[in-house]
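I have placed the structure first, in the form of structure tokens, so that the comments after it can refer back to it.
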């Protein structure tokens, strides 16, 4: 399961992106900002200001697998 950084209201949602991980860069110049297990609580904490947590929006450094479609 992936945890992707985002914000929402009742009827709107936005997904944050980051520079691509090394293995994805040849496909696209951006990718969803995937949060690691240690950063999820910080991202979800409403007491944190965006200026404090924007450093979490980094290229994912874990293992990603992908398959080409269409």
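Each reported figure results from applying straightforward, stated rules to the coordinates on display, with no laboratory input. Quick caveat: nothing in here was measured; it's all calculated off a predicted structure. Using ideal geometry, Cβ is built from the backbone for each residue, glycine included, and neighbour counts are taken over all protein chains shown.
Assorted remarks:
- For a paramagnetic label modelled on residue 50 (point 7 Å from Cα along Cα→Cβ), amide N atoms under 19 Å away belong, within region 7-26, to 7-19.
- Sites residue 30 and residue 10 - FRET efficiency at Förster radius 35 Å, r taken between beta-carbons, to 0.05: 0.85
- Listed options for Cα Rg over 2.2 N^0.38 Å are (1) 1.32; (2) 1.09; (3) 1.20. The value calculated from this structure is the one marked (3).
- Proxy reagent accessibility, fewest Cβ within 10 Å first, across 35, 7, 57: 7, 57, 35
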